[in-house]
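Read through the structure below, which is laid out as structure tokens, and then see the notes.
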Amino acid sequence: MRTETSGEWSGSESAERERFAIRIEIAIVLSITFGLSGLNAALSLIDSALAPGGVGGRTVALNASRSTQSLLDLLFQLLGVVRLAGWAALGLYLLWRSGIGPRLIGLARIRFRKDVLPGLALAAIIGLPGLGLYLLAHTMGVSVTIVPSSLGDHWWRLPALILSACANSVAEEVLVVAYLITRLRRLGWSENSSLLASSLLRGSYHLYQGLGGGLGNLVMGLIFGRYWQRTNRLWPLVLAHATIDAVAYIGYTLLRGHVSWLP
């Protein structure tokens with residue numbers, strides 16, 4: 001209860017105000033980042049399903065050219081990287097303001113044995129089955145044709161793809177894993193409930209790839225989220241995600257037209 005003389009709130013009221021503020025904060029963050037992306041992806045999936053060719057008849061480019069002018073196209077790609085970096089910075093800042101710095105979420109100095117090796121292992125565990133799932137889903141017609149890169153043959157193409165992979169990785173792992181699960185903990189959510197919410201969010205904004213893409217990323221979210229909950233180290237997730245995306249982007253660029261199994 002708040003007293004008229006002191007203007008202070010009781011402990012229970014203060015805690016409730018904090019929980020309300022956290023709910024508002026989460027809603028705002030998701031409305032301008034991956035929550036909005038999830039809604040867009042869901043609408044995209046519905047649109048693909050209603051199209052004459054169905055989901056299997058649609059093609060989606062992940063790193064598409066934005067201009068016929070090389071310099072302008074490069075600037076567009078860099079703006080996309082900056083946008084994702086800004087999303088990650090927002091999550092880190094809000095956690096820091098609440099007393100949870102980067103070190104406390106597992107972004108301390110990177111270590112080879114504790115971060116790099118587990119990151120490479122996670123990349124293999126997720127990446128290889130994920131490729132198989134995509135090829136199977138594509139064959140069954142429940143996945144769009146994914147073009148990891150449609151950038152022109154510019155001198156900056158490979159560096160831009162690597163930057164894109166890193167930006168995607170940092171933004172998703174910081175916001176979807178570290179930020180969201182940490183904030184849900186403050187709301188009293190259990191580890192399993194917060195993990196499921198994080199994984200469903202990750203799956204939702206990949207629905208533009210079809211049901212296979214959404215399901216595959218939901219499973220990825222469960223594995224990544226549980227790993228972070230148990231180890232409190234975020235670097236392995238960032239490195240694994242960046243590796244998976246970089247291999248997909250660069251591999252597609254190099255193999256396109258040279259192998260028969262690549263859609």
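Would you mention how many residues in region 79-119 are part of a loop (DSSP other than H, G, I, E, B) and basic (Lys, Arg)? If you could, list the steps in order and put the result at the bottom.
Initial filter on region 79-119 (part of a loop (DSSP other than H, G, I, E, B)): 98-101, 106-111.
This time we only want the ones that are basic (Lys, Arg), so: 109, 111.
Result for region 79-119: 2.
Tell me, which helices (runs of 4 or more DSSP H) lie completely within region 175-263 with 1 or more residues that are without any contact (Cβ under 8 Å) to a residue 12 or more places away in the chain and farther than 23 Å from residue 22 by Cβ? First the steps, then the outcome.
Details: elements: 180-186, 191-204, 211-231, 235-255.
Those helices (runs of 4 or more DSSP H) span 211-231, 235-255.
Filter region 14-59 down to residues that are charged (D, E, K, R) and farther than 19 Å from residue 146 by Cα and give me whichever is surrounded by the most Cβ atoms within 10 Å (Cβ to Cβ). Explain how you work it out, then say what you get.
Pass one, region 14-59, residues charged (D, E, K, R): 16-19, 23, 25, 47, 58.
Still in the list and also farther than 19 Å from residue 146 by Cα: 16-19, 23, 25.
Details: 16: 12, 17: 11, 18: 13, 19: 13, 23: 12, 25: 15.
Out of the qualifying residues, it is 25.
Of everything in region 90-149, what is among the small types (Gly, Ala, Ser) and closer than 25 Å to residue 234 by Cα? Give them in sequence order. Step through it out loud before you land on a result.
Going through region 90-149, the residues among the small types (Gly, Ala, Ser) turn out to be 91, 98-99, 101, 106, 108, 119, 121, 123-124, 127, 130, 132, 137, 141, 143, 149.
Selection gives 91, 98, 99, 101, 106, 108, 119, 121, 123, 124, 127, 130.
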Would you mind finding the one in 164, 193 that is at negative phi and surrounded by 21 or more Cβ atoms within 10 Å (Cβ to Cβ)?
164
Take the residues in region 120-159 that are more than 26 Å from residue 225 (Cα to Cα) and of a type in the set (S, T, N, Q); name whichever of them is surrounded by the most Cβ atoms within 10 Å (Cβ to Cβ).
149
Consider residue 72 against the criteria (1) surrounded by 18 or more Cβ atoms within 10 Å (Cβ to Cβ); (2) free of Cβ contacts under 8 Å to residues at least 12 places away in the same chain: it satisfies all of them except one. Which criterion is unmet?
(1)
Every residue in region 75-88 that is surrounded by 15 or more Cβ atoms within 10 Å (Cβ to Cβ) and aliphatic (A, V, I, L, M), please.
78, 81, 84, 85, 88
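Of the residues 82, 29, which single one is at pLDDT 95 or above, of a type outside the set (S, T, N, Q) and more than 19 Å from residue 164 (Cα to Cα)?
29
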Pairs only if they're at least six apart or on different chains, beta carbon under 7 angstrom, first in region 7-18 and at positive phi, second loosely packed, with under 12 Cβ neighbours inside 10 Å and at pLDDT 80 or above; list them, first residue then second.
none
List, please: which pairs have Cβ atoms under 6 Å, are six or more places apart or on different chains, and start with a residue in region 40-55 that is at pLDDT 80 or above and end with one that is part of a helix (DSSP H, G or I) and not aliphatic (A, V, I, L, M)?
41/208; 44/208
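From the list 102, 118, 148, 159, which one is touching a helix residue (DSSP H, G or I) at 6+ places or on another chain (Cβ under 7 Å), of a type outside the set (A, V, I, L, M, F, W, C) and without any contact (Cβ under 8 Å) to a residue 40 or more places away in the chain? Spell out how you get there, then give the answer.
Working: 118 fails: without any contact (Cβ under 8 Å) to a residue 40 or more places away in the chain; 148 fails: without any contact (Cβ under 8 Å) to a residue 40 or more places away in the chain; 159 fails: touching a helix residue (DSSP H, G or I) at 6+ places or on another chain (Cβ under 7 Å).
Criteria check complete, one pass: 102.
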Scanning for something within 20 Å of residue 38 (Cβ to Cβ), of a type in the set (A, V, I, L, M, F, W, C), touching a strand residue (DSSP E or B) at 6+ places or on another chain (Cβ under 7 Å) and surrounded by 16 or more Cβ atoms within 10 Å (Cβ to Cβ), does region 208-215 turn up at least one residue?
no
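The values are calculated or read from the model by the stated rules, or taken from the named source; none is laboratory data. This is a predicted model, so every value here is computed, not measured. All Cβ positions, glycine included, derive from the backbone under ideal geometry; neighbour counts span all protein chains shown.
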